[in-house]
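Since every read-out is calculated from the coordinates, none of them should be taken as a lab result. What you see is a predicted model; the values in this text were computed from it and never measured. Counting neighbours? That spans all protein chains shown, and the Cβs are built from the backbone with ideal geometry, glycine included.
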Amino acid sequence: MLTYALTFAIACFALALILNLWRLATAPTMPDRILTVDTMVINIIALIVLYGAQTQSAVTFDAALLLAMTGFVSTVAFCKFLLRGGIIE
């Protein structure tokens, strides 16, 4: 039963990732695109964690943590660039 639930969850997050790609292509403004990329990072993290649970591998959780930190820093950098025109002060 757990295998079916994990497969269903992976399929749902994969569909959400495809819909995020569509939103990225049709977003009217740059802040919308930044939020879309941030949402895509969250979906990819969820896919990595679900894959790790399915394969019972602990390495994937470390990869998900690294991706989460990188995604957070990149989102903050993009937003700071939009607000101030530069990242480094």
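Numbers for the structure displayed
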read-out: Cα-based Kirkwood hydrodynamic radius, region 2-84, one decimal, Å; value: 13.7
read-out: Unit charges at the beta carbon, dipole of the chain: most positive-side option, PHE8, ALA63, MET30; value: MET30
